[in-house]
Each structure stands twice: as C-alpha cells, then as structure tokens.
Amino acid sequence: MELKIKGERDKQLSYAFIGLVSLLVLSGTGNVLTGSLAWYFATTQKTVTTPMTYNQPFTSDAVSADASGMTMFASSFIYWRLNVSPENIDNNQKMLLGFVPSTERDLLRKALDVEAERIKKGGITTRFDTKDIRVMTDGSVEFSGTLKSATTNGAITTPLKDQDKTYRLNISYQNGLVNLHSFEELQPVTTTN
C-alpha cells in the first residue's frame with residue numbers, strides 16, 4: 001500500500017514538473033516573440049518630420065528616409081559646397097565635412113582644399129542653379145544645373161562662363177543620422193562618330 005501511494009505521488013509530481021516545464025517553454029517563446037515584434041516595430045516605425053528650412057515633410061524610419069528627405073539633405077550639401085565666396089567657403093566646407101564619416105573624410109577634404117584655394121586666390125563667388133533632381137534607388141541623388149561664377153576682387157581678368165554640371169551625392173540615413181559618402185561631379189558622355 002505504501003509503495004502504491006509513493007508511486008502515485010511520484011507520478012503526480014512528474015506530471016506537475018512536465019506541466020511547469022511546458023509553461024516555462026511557452027513563456028520563453030512568448031517573450032521571444034513579443035521582443036522580436038517590439039524590435040521590428042521600433043525599427044520600422046515611420047516618422048514624419050518637417051525641417052524648419054523646408055516647407056515639405058519627409059518620412060523616415062530607423063534605416064532610411066524617403067525621396068523627399070534625401071532631396072532635402074542633398075540640397076543642403078549642394079548649397080554648402082557650390083554656393084560659396086572667399087568669405088564663407090571655410091565655414092561651408094566645415095559644415096559639409098561634418099556629415100562625412102571620418103573614414104571617408106580625407107578624400108573629400110583634398111578636393112575641397114583645392115576648390116577653396118582656387119576660390120580664395122581668384123576671389124571667385126559661385127552659385128548653383130538647380131534644373132533637375134533625380135533620387136536613385138541606391139541612396140544617391142543626382143543634381144543637374146548651372147554653376148554661375150563671378151569674380152569679386154578682380155584677380156581673374158577673363159570672363160567666367162556659366163557651366164552646366166551634374167553632381168552625384170551618395171547619402172545614407174541611419175538611425176536619424178545623415179552621412180555623405182561621396183560628392184562627385186559627373187562628366188558628360190562624349191560620343192565619337
């Protein structure tokens with residue numbers, strides 16, 4: 001009799017143990033599922049932002065911004081690099097380089113230093129009038145327009161002609177941070193017949 005009660009009690013304890021282990025596994029699975037859903041929704045949540053300088057909102061999530069946002073960022077970069085005078089070129093370039101990752105900064109800095117020297121030495125003021133903006137799916141933005149130049153101190157005696165130019169900016173948007181990876185001028189394609 002004693003043996004039968006002990007066997008029954010062991011059987012009930014094993015069922016209780018199996019039930020508790022099952023509840024623990026179910027609870028762990030629920031926590032993992034809830035955590036992964038919370039992470040997914042936190043990183044894909046769309047945020048609508050209207051910058052003070054622009055009159056148009058853009059939407060973004062943790063890993064990207066829409067075409068409107070990319071256009072706004074690229075417009076600012078174009079302004080800082082191409083709308084310059086000897087007086088403001090250093091500050092504009094400093095602002096521009098602040099958005100370039102430190103590992104990629106030296107290459108752009110060299111090109112900007114050459115431009116700054118030419119603008120300061122010649123007393124040149126430039127303005128870029130945008131004609132066309134194209135946002136590509138790879139995160140790059142192409143700006144086409146006319147670069148207008150004028151001299152301010154008479155050091156250059158030849159007239160400066162307006163130049164049609166196209167620039168490609170490779171921009172990324174990650175966790176609310178805008179990074180400029182490249183800012184290059186595209187050369188027109190010439191065909192030989």
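The values are calculated or read from the model by the stated rules, or taken from the named source; none is laboratory data. Worth saying up front: this structure is predicted, and the values here are computed from it rather than measured. Every residue, glycine among them, receives a Cβ derived from its backbone with ideal geometry; neighbour counts consider all protein chains shown. Ligands, DNA and RNA are excluded from the accessible area calculation, which covers all protein heavy atoms including side chains. Shrake-Rupley method; radii C 1.70, N 1.55, O 1.52, S 1.80 Å.
For every residue, the table says whether it meets (1) surrounded by 14 or more Cβ atoms within 10 Å (Cβ to Cβ); (2) in contact (Cβ under 8 Å) with a residue 24 or more places away in the chain; (3) touching a helix residue (DSSP H, G or I) at 6+ places or on another chain (Cβ under 8 Å); (4) not β-branched (Val, Ile, Thr).
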| position | (1), (2), (3), (4) |
| --- | --- |
| ASP66 | yes, no, no, yes |
| SER75 | yes, yes, no, yes |
| TRP80 | yes, no, yes, yes |
| GLU87 | no, no, no, yes |
| ASP106 | no, no, no, yes |
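Return yes when ALA116 is touching a residue at least 60 places away in the same chain (Cβ under 8 Å) and either in a helix (DSSP H, G or I) or open to solvent by 70 Å² or more (accessible area, probe 1.4 Å) (or both) and no when it is not.
Working: touching a residue at least 60 places away in the same chain (Cβ under 8 Å): no; either in a helix (DSSP H, G or I) or open to solvent by 70 Å² or more (accessible area, probe 1.4 Å) (or both): yes.
No.
Give ASP61, ASP66, ASP106 a once-over and let me know the one that is among the acidic types (Asp, Glu) and closer than 15 Å to SER140 by Cα. Explain how you work it out, then say what you get.
Numbers: ASP61 fails: closer than 15 Å to SER140 by Cα; ASP106 fails: closer than 15 Å to SER140 by Cα.
So the residue among ASP61, ASP66, ASP106 that is among the acidic types (Asp, Glu) and closer than 15 Å to SER140 by Cα is ASP66.
So ASN55 ticks every box in (1) under 18 Å from TYR173 (Cα atoms); (2) loosely packed, with under 10 Cβ neighbours inside 10 Å but one. Which box is left unticked?
Checking ASN55 against (1) under 18 Å from TYR173 (Cα atoms); (2) loosely packed, with under 10 Cβ neighbours inside 10 Å, the one that fails is (1).
Could you please let me know if ALA42 is touching a residue at least 12 places away in the same chain (Cβ under 8 Å) and in a loop (DSSP other than H, G, I, E, B)?
Working: touching a residue at least 12 places away in the same chain (Cβ under 8 Å): yes; in a loop (DSSP other than H, G, I, E, B): no.
No.
So which residues in the stretch 73-113 are part of a loop (DSSP other than H, G, I, E, B) and either polar (S, T, N, Q) or touching a strand residue (DSSP E or B) at 6+ places or on another chain (Cβ under 7 Å) (or both), if there are any at all? It would help to see each step written out before you state the result.
Filtering the stretch 73-113 for residues part of a loop (DSSP other than H, G, I, E, B) gives 83-88, 98-101.
Scanning the stretch 73-113 gives ASN83, VAL84, SER85, ASN88, PHE99, VAL100, PRO101.
Which one of these is at pLDDT below 90 and either at positive phi or in a helix (DSSP H, G or I) (or both): GLN12, GLN56? Give the derivation first.
Numbers: GLN56 fails: either at positive phi or in a helix (DSSP H, G or I) (or both).
Sole residue among the options that is at pLDDT below 90 and either at positive phi or in a helix (DSSP H, G or I) (or both): GLN12.
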